[in-house]
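Structure in structure tokens, see below.
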Amino acid sequence: MPIAASTSRAQLEALRELSEAIIRCSQEAISIADAQGNTILVNPAYTRLMGLEEAQVIGRPVTADIAEGESVHLRVLRTRQAIRGARLRVGPHAREVIVNAAPLLVGGELRGSVGVIHEVSEIRRLSDELASAKQLLRKLDPRRSFDEIVGDGPAISRTKELARRAAATPATVLLLGESGTGKELFAHAIHGASDRRDGPLVRVNCAAIPEGLLESSLFGYQGGAFTGARAHGQKGHFEEADGGTLFLDEIAEAPLALQAKLLRALQEREILRVGSSKPVRVDVRLIAATNADLEAAIDRGTFRQDLFYRLSVMPIRVPSLRERREDLLPLSRALLARICAEYRVAPVELAPDALALLATSPWRGNVRELENVLRRGLIDKPPDAGVLCAADLALEDLGAGPEDGDAAPGRPRGLPELRAAWERQLLRAQLARHGGNREATARALGITVRNLYYKLKRHRLG
Ligand SMILES: Nc1ncnc2c1ncn2[C@@H]1O[C@H](COP(=O)(O)OP(=O)(O)OP(=O)(O)O)[C@@H](O)[C@H]1O
């Protein structure tokens, strides 16, 4: 704080008292030395940390409190420079501390040195606390545990048991099953139960990335590999997942050229960045998932048989909701609780007629469709409704052809026109149903995201 030359003695005394009071009430341990290297002021945080009385240090050389190491005050007084992060052992208990100190310069004249001392064990304790809080957060992450996979009927229990066993091994896992059955949930749970749980889990949707970018996004690229590439190159998802798990969703959508490179990466445990001939070793556990029939894809020549064998070391088929109707009630309750918490509304129960209605649906969109039906049912309810009835649930079977709302009445139309109108209407309905999410819409329609984009463009819906 700048002090004017005209400041009176009394004002200076008041200022000194104020500064001393501030130092004394600081929670940081502070010690002040004069220009001769004697301690002139310490605060209670300092005496607590050192395990020394004030009288044992005040008026004594600053080395009096040092058990091991060079005095930081003396270095500051010698060099007139501030010092940060000096490590010492201090006091009768030789406590390990980190000291920051700075010279006290008044009008350019060296008057002493001020030091702030932090106990290393306290820093360690705080960082340990931070680490365990992070671990707790990871455990609390609902997507990482088998407990989050709702249902205890025989079909899902068998699948969970198989997945738990797979999690305990380093083997590649292939998750098979219809869209919306919970394959991604299983991938998270397997990673979370594996010894790689503290490593990264990287998810790549092979259908959502444009074909031309898939290779560089998976394997990275070398600097200057192509126009627009970063000068220093870029890591790909394989390298990002090093020490953890790489989840390749919609694996059937990977183009054949990429499949060959995936096979190589799995066999050699190393990858080649685009534009580089220097292999990079990667330690990655692969989980792949698809709702496609890979064996049929092999017959069609769109999926490599050798890659299929590599991937299917541990095939796990996640059952459709039709195969586990016994889980419909617990699933609906768990999903409702999740949605109510998300919408910040009071918990909602399912009325018996709603449950009876849910039991009649074929659930071609599986748990995702059930979630969407409940979500839509809740949207129009008042926040304290408390119960969801059959009348609130708009069940919609994907197989049913929607009405063409755009049709000009009475005009006869040919099959191509009718088919296009029907497709347009179906796209609109499914997009609305999935809140505009194109990945989910494409899944529900059983087409690739690329194909969906193409169709939306053709119908001018994109
Ligand atoms: N057993 C379950 N318990 C609780 N929630 C579930 C369960 N199965 C699926 N879900 C929920 O249903 C939705 C769809 O699940 P998920 O994305 O894992 O399906 P998927 O099989 O990977 O779908 P796709 O093949 O279309 O990618 C998610 O919101 C998920 O949390």
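Hey, what's the per residue convex hull volume over the C-alpha atoms of segment 332-392, in cubic angstrom?
69
Identify the GluC sites (Glu not before Pro) of segment 1-86 meeting these criteria: DSSP loop state and at most 14 other C-beta atoms within 10 Å of the C-beta.
Qualifying residues, ordered by number: E28, E53, E70.
Separation of segment 343-368 and segment 303-323 by C-alpha centroid, Å?
30
From zero up to wherever the largest Cα-Cα distance of the chain sits, split into 20 Å bins and tell me the percent of pairs in each.
Percent of pairs per bin, in order: 18, 34, 23, 21, 4, 0.
Just want the answer: with Cβ charges of +1 for Lys and Arg and -1 for Asp and Glu, which residue in Q81, Y343, Q425 is farthest toward the dipole's positive end in the chain?
Q425
Explain nothing, just compute: Karplus ³J(HN,Hα) = 6.51 cos²θ - 1.76 cosθ + 1.60, θ = phi - 60°, for every residue of segment 150-167 in order, whole Hz, x for Gly and Pro.
Listing the rounded values in order: 6, x, 10, x, x, 5, 6, 5, 4, 5, 4, 4, 4, 5, 4, 5, 5, 4 Hz.
Counting heavy atoms of the protein chains only and a 1.4 Å probe, report the per residue accessible area for the chain as a whole number of Å².
54
Could I ask something else about it? In whole Hz and in residue order, list the ³J(HN,Hα) couplings for segment 358-366 that follow from phi through the Karplus curve 6.51 cos²θ - 1.76 cosθ + 1.60, θ = phi - 60°; x for Gly and Pro.
Each residue's phi maps through the Karplus curve to give 4, 5, 8, 7, x, 6, 5, x, 6 Hz.
Please tell me the relative contact order of segment 1-72 in percent, rounded to the nearest whole number, where contacts are Cα pairs under 8 Å and at least six residues apart.
21
Could you count how many Lys pairs in segment 141-319 have their Cα atoms under 30 Å apart, skipping same-chain pairs fewer than 8 positions apart?
Step by step, the pairs that qualify in segment 141-319 add up to 6.
Another question, if that's okay. Report, in debye and to the nearest 20, how large the dipole of the chain comes out about its Cα centre when Lys and Arg carry +1 and Asp and Glu carry -1 on their Cβ.
Dipole magnitude for the chain comes out near 1100 debye.
Could you work out what % of the accessible surface of segment 256-384 is carbon and sulfur, using a 1.4 angstrom probe and leaving DNA, RNA and ligands out of the count?
For segment 256-384, the apolar C and S fraction of the accessible surface comes to 53 percent.
Let me ask you something else. Can you tell me what the convex hull of the Cα atoms of segment 26-105 projects to on average, as an area in nm²?
4.7
To continue, here is another question. Within segment 154-233, which trypsin sites (Lys or Arg not before Pro) sit in a loop by DSSP and count at most 13 neighbouring Cβ atoms inside 10 Å?
Sparse-neighbourhood loop trypsin sites (Lys or Arg not before Pro): R230.
Among DSSP beta bridges lying fully in the chain, give the percent that are antiparallel, nearest 5.
Antiparallel bridges: around 60 percent, rounded to the nearest 5.
Tell me the carbon and sulfur percent of the accessible area for segment 415-458, rounded to whole percent, probe radius 1.4 Å.
Percent of accessible area from carbon and sulfur atoms in segment 415-458: 58.
Please list, by residue number, every one of the chymotrypsin sites (Phe, Trp or Tyr not before Pro) in segment 154-257 that is coil in DSSP and has at most 12 other beta-carbon atoms within 10 Å.
Sparse-neighbourhood loop chymotrypsin sites (Phe, Trp or Tyr not before Pro): F226.
Treating each Cα of segment 246-312 as an identical point scatterer and ignoring solvent, apply the Debye formula and state log10 I(q)/I(0) at q = 0.28 Å⁻¹.
Calculated log10 I(q)/I(0) at the listed q: -1.35.
Right, something else. Work out Dmax and Rg for segment 415-458 from the C-alpha atoms and quote the Rg first, both in angstrom.
According to the Cα coordinates of segment 415-458, Rg and Dmax are 10.1, 30 Å.
Accessible surface of K261 in the full protein assembly, 1.4 angstrom probe, to the nearest 10 Å²?
80
The values are calculated or read from the model by the stated rules, or taken from the named source; none is laboratory data. Note that the structure is predicted; figures quoted are calculated from it, not measured. Backbone-built Cβ (ideal geometry, glycine too); neighbour counts: all protein chains shown. Protein only, heavy atoms only, side chains kept; ligands, DNA and RNA dropped before computing areas. Shrake-Rupley method; radii C 1.70, N 1.55, O 1.52, S 1.80 Å.
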